[in-house]
Amino acid sequence: MNGRGVKSADVQPDALKGAKIDESTLAQVPSAGDAGTLGGNDPADFLGSDQVQWASVNADGTLARGSAGMSSFHNVANIAGLYLVQLPPGFNAIACTYTASIGRAGYNADVTDQPRGLISAAPYTGNQSDIRYVMVQTRTDDGTKVDLPFHLIVVCP
């Protein structure tokens, strides 16, 4: 390979398969840096950090468990599958980022019997005097709004 690497034009479709790749010749992608750290910090440094908030919410909107100070509300504006999750005091939901997934909150929830569906999360700005809310919408696979349990992770600066 003469040190220049491989370009997509050099490889035919489906040409590179397991046995054809000599892993001893592979090196770290220069732009990847140290993927084991985040901004120079060990990922373990973020565990327990107040920058990371989380909630497990039941389909009826009750908070099954979550970070201290988190709360949840269901059936906002009488719309199925619409929830508000409130962050603890001092957080600005608009400045945060969110990850949400459908799933039962039970400690022994059977992974083979989890509900399926779609989920979205965004800051709720309807109440300008309190910017601590994340709005979550759950739907069936065909887009019908429906109440589903979910998990939410919020990372704030």
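Bear in mind these aren't lab numbers, they're just calculated from the coordinates by the rules spelled out. Remember, predicted model here, so these are calculated numbers, not experimental data.
Whole-Hz Karplus values for segment 70-76 come out as 7, 8, 9, 9, 10, 6, 4 Hz, taken residue by residue from phi with 6.51 cos²θ - 1.76 cosθ + 1.60 and θ = phi - 60°; glycine and proline positions read x.
Computed from backbone phi, the HN-Hα couplings of segment 8-14 come to 4, 5, 7, 10, 7, x, 6 Hz, rounded to whole numbers (Karplus: 6.51 cos²θ - 1.76 cosθ + 1.60, θ = phi - 60°; Gly and Pro given as x).
Expressed in nm to one decimal, what extension gain is obtained for the pair A122 and I153 from 0.36 nm per residue of sequence separation less their Cα-Cα distance?
10.0 nm
For Y133, nonlocal amide neighbours, meaning residues 5 or more places apart or on other chains whose placed amide H falls under 5 Å from its own, are L87, A93, Y124.
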